Amino acid sequence: MPASSAPDACSTSSRRAGRGDWRIRSHRRRSGCTRGPGQAEHSPQPEPVAVTVEPGPALSSWSPPLASADDLPTPRLSARLGVVTMCAGAPASAVRSHLAYHRAIGFERVFLYLDDASDEYWQSLALPDDGDGVVVTRCVAAFWQRLLRTSAMVARRSEQSVFEDAARWWETEVQSRQSLCVEHAVVRASAEGLDWLLHIDIDEAFLPCRLHPVDFFGSLPAATEQVFFSNLEAAPEALHVSDWFREVSLFKLNAALVADASPGGPSAPPSSASLDALWRRVAAARRKAHGGAAPASYFIAYVSGKSAVRLPGRRAEAWPVPYDVHKFLVPDGTGWRAPLTVACAAQLDAADGPTVLHYCSCGLENWREKYRRLGRFGDRWWGRVPIRIPAHLQSRDVLLAEGGAEE
């Protein structure tokens, strides 16, 4: 059953912890950062997060820094950062943690789009009146009407199939609504003078490594237009979860973050082969336990990471737009092109590149609520792209069979 697949995988791997699971433990104060050994206050270099790496095959662990920004080191460089996310039905505690965390680690603005625009959900969030850097948009009918009239993607829908998808399918496809909201946030963030905008989901968190996020983005070459971050996927160890950011700390490694072959030795990181071998053992155990039923994939959701895009400034005549929920397009004369991209997994040392933590379907109740809202969706996105995420389709089928999904 998809709801239990992540805990099963976690349990299989976690029992090997005594023999050395791959763990990245960030030593942090309450905010999430500490000073490097021997680093003085006047040091011109950005202050690192001290990281201890323990060997093993498949998992990483961390302690979420959900606290005041007062404990963060002062960034040495200059970059104004924003993050955009859309949500519907996420627990209020998790939403508040998402907002507080990203504000605390250096994101100046969080653009929150509520796909559930109901008064009941809005009141349940109990967000502070002053916003504290959070810009909330309730996606009511009037918002969509205005957005569809002003969207460059809709106006130029014939130029890209993804634009046509957004214009045609926005009422029924969550990803299309996400793309339109991100486009709206890009224009808004540019008008405010922000330098970078990160797009992640409400069940995701940006995890810095050695550098403060402001220093990381501020140190990128001026020609860089997009940064791509690989994602890790949560392996919850409890069936019931409310605020996944505070309650879940174990993650499956992305194969993009490991070497093709391990250098060996007791402290060596895993290889992609060792991850494959581990998953085959887990899959075989599940097939045996469940009478030959096909198991979900190693990740129960996407593996393709998320991106941040450089913003063109207040006086721009054209702005970047989402190519999909994972990456962007940038204007190029009268057309569009792929941005010049730094891919952290390929171009940065593993100790220096940030990642995205994906708390996918953490908690049985949250999993049920997610697929209840999604309802009876088809086997293809936008009616043409096959959905190749087995757990996504299996979850739909389980909820429909139980009668718990919206029609």
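The values are calculated or read from the model by the stated rules, or taken from the named source; none is laboratory data. These numbers were taken from a predicted model, which means no experiment stands behind them. Neighbour counts are summed over all protein chains in view; Cβ atoms, including those assigned to glycine, are modelled from backbone coordinates with ideal geometry. SASA here: full protein model, heavy atoms, side chains in, ligands and nucleic acids out. Shrake-Rupley method; radii C 1.70, N 1.55, O 1.52, S 1.80 Å.
Some points to look at:
- FRET efficiency for the pair residue 364 and residue 334, taken as 1/(1 + (r/R0)^6) with r the Cβ-Cβ distance and R0 = 41 Å, rounds to 0.20.
- Computed lengthening from residue 297 to residue 155, 0.36 nm per intervening residue step minus Cα-Cα distance: 47.3 nm
- Prolate/oblate/rounded call for segment 317-407, Cα gyration tensor, a/c under 1.5 rounded: oblate
- Accessible-area value, residue 246, 1.4 Å probe, nucleic acids and ligands omitted, Å²: 150 Å²
- Taking 0.36 nm per residue of separation and subtracting the current Cα-Cα distance, fully stretching the chain between residue 240 and residue 219 would add 3.5 nm.
- In segment 299-339, trypsin sites (Lys or Arg not before Pro) in a DSSP loop with at most 10 other beta-carbon atoms within 10 Å: 314, 315
- The slack between residue 120 and residue 387, meaning 0.36 nm per residue of separation minus the straight C-alpha distance, is 92.9 nm.
- Tensor-based shape of segment 174-232 (alpha-carbon gyration tensor, a/c under 1.5 rounded, otherwise prolate or oblate): oblate
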